[in-house]
Amino acid sequence: MEKEFVLVSYSGRVDTTGDKAESAKNKLIILGTGQMIPKLEGALLKMKEGEEKEVPLSSSEAFGERNQNLVRVIPQSTFEKQKIAPYPGLALSLNNAFARVKSVNSGRVMVDFNHPLAGEKLTYTLKLEKRLSGRDEKLKALLLDFGVEADITDEKGKTVFKAKNLTQAKDQEKLKKTIAETIKLFFPEIKEVEFTS
């Protein structure tokens, strides 16, 4: 199945407090990739360009229920060995999982691996700004998602991206490699990618 590229503006809020959960304007979403919560993606599939819709989500449809088994106590020395000074509210990655420090007491650190919005009912306002069509329109949006503007041409069997702002990237070669891999994933007909300035 070909993935559908859409530009979406959205805002999510926590029902109980009204606090903003997250928001974005003209965000590239590639439907069918798991980039969005399944119920939101399902709503987008049925929407027309320019349509706006509110989508309520139960906690299980959003980020899941809170799981007490994901709250763990870790010795403070584990953090100190990695030169980390834990404090309540600190967000970090432990064993490739997102975690937040809940408390630090007597050499023990309570860490919560639940998503920060686990257990919360949310309401999202979605607006389907545009359905992208054509290879070049999709490629330009994909590049912009990486923060890169470029003109696209095909030369001698390869797709060439003349990047306007790639030199501003911290690690250009790593970024180029990541972009090339992503392009080949969604555009298998593109066999070779080249970046020029």
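Numerical summary
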quantity	calculated
Test result for LEU128, closer than 30 Å to MET47 by Cα, surrounded by 16 or more Cβ atoms within 10 Å (Cβ to Cβ) and assigned by TED's automatic domain parsing to the domain that holds ILE37	yes
Residue, farthest from GLY12 (Cα to Cα), within segment 88-146, restricted to residues that are touching a Gly at 6+ places or on another chain (Cβ under 9 Å) and assigned to a loop (DSSP other than H, G, I, E, B)	ASN114
Of all residues in segment 64-105 being among the small types (Gly, Ala, Ser) and over 24 Å from ILE37 (Cα atoms), the one that is surrounded by the most Cβ atoms within 10 Å (Cβ to Cβ)	SER103
Any hit, segment 151-163, residues being hydrophobic (A, V, I, L, M, F, W, C) and within 30 Å of ARG13 (Cβ to Cβ)	no
Residues of segment 34-55 classified as acidic (Asp, Glu) and closer than 14 Å to LEU132 by Cβ, total	1
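The values are calculated or read from the model by the stated rules, or taken from the named source; none is laboratory data. This is a predicted model, so every value here is computed, not measured. Virtual Cβ from ideal backbone geometry, glycine too; neighbours counted across all protein chains shown.
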